[in-house]
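First comes the structure, then the notes that go with it.
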Amino acid sequence: MANKSLHKIILYFIAFVWFINGLYCKVLNGVPRHQLIVERILGNPNAGVLTILIGLSEIGMALWIISQIKSRLNAIVQIIIIAVMNALEFYLAPYLLLWGKLNAVFAILFIMLIFYNEFMLNKKISQKT
């Protein structure tokens, strides 16, 4: 498979993950556990509203990913957000995570996929043109 096609497939997969987590899991409250995590970490009685705002931010991230505007900055922001969010969850709310502390493994794999797609695969595409 050509690097450009693989890059696009991975790009849309990453955007899809952000979109689904934002819309279904948080905005539509399809996974109520997310609101409990927000409440546990922020200790805020307005966790429902904050969860929706986080979900809308994740939808915004999906749109930013698809736009490919400042894609390297976008990848760095994603990596930082995922690392910080998962570190907080790991230490403050591991019992609320789908796979407990094992969630960290999936977060690291997702970070690696984002890094590979932007800084390795996309670099190869840029060098060919």
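The values are calculated or read from the model by the stated rules, or taken from the named source; none is laboratory data. Quantities reported herein were computed from a predicted structural model and do not represent experimental measurements. Here the Cβ positions follow ideal geometry from the backbone for every residue, glycine too, while neighbour counts run over all protein chains shown. Surface areas here come from the heavy atoms of the whole protein model, side chains and all, with no ligands, DNA or RNA. Shrake-Rupley method; radii C 1.70, N 1.55, O 1.52, S 1.80 Å.
Collect the residues in segment 92-114 that are aromatic (Phe, Trp, Tyr) and modelled with pLDDT under 95, keeping them in residue-number order.
Residues satisfying the conditions are 95, 99.
Can you tell me which residues in segment 17-51 are touching a helix residue (DSSP H, G or I) at 6+ places or on another chain (Cβ under 9 Å) and at positive phi?
29
Quick one: would you say residue 122 is in a helix (DSSP H, G or I), modelled with pLDDT under 90 and either surrounded by 14 or more Cβ atoms within 10 Å (Cβ to Cβ) or under 15 Å from the mean Cα position of the chain (by Cα) (or both)?
So residue 122 fits the description; yes.
I'd like to check which helices (runs of 4 or more DSSP H) are fully inside segment 1-118 and have at least 2 residues that are open to solvent by less than 50 Å² (accessible area, probe 1.4 Å) and touching a strand residue (DSSP E or B) at 6+ places or on another chain (Cβ under 7 Å).
Counting at least 2 such residues, we get no helices (runs of 4 or more DSSP H) at all.
Go through segment 61-73 and give me each residue that's closer than 18 Å to residue 21 by Cα and over 11 Å from the mean Cα position of the chain (by Cα).
Result: 63, 64, 66.
When you scan segment 97-118, do you find a residue that is in contact (Cβ under 8 Å) with a residue 12 or more places away in the chain, in contact with a His (Cβ under 9 Å, 6 or more places away or on another chain) and not hydroxyl-bearing (Ser, Thr, Tyr), even just one?
Looking through segment 97-118, at least one residue is in contact (Cβ under 8 Å) with a residue 12 or more places away in the chain, in contact with a His (Cβ under 9 Å, 6 or more places away or on another chain) and not hydroxyl-bearing (Ser, Thr, Tyr).
So which of 92, 63 is more than 23 Å from residue 115 (Cα to Cα) and of a type outside the set (Val, Ile, Thr)?
Step by step, each of 92, 63 is checked, and only 92 is more than 23 Å from residue 115 (Cα to Cα) and of a type outside the set (Val, Ile, Thr).
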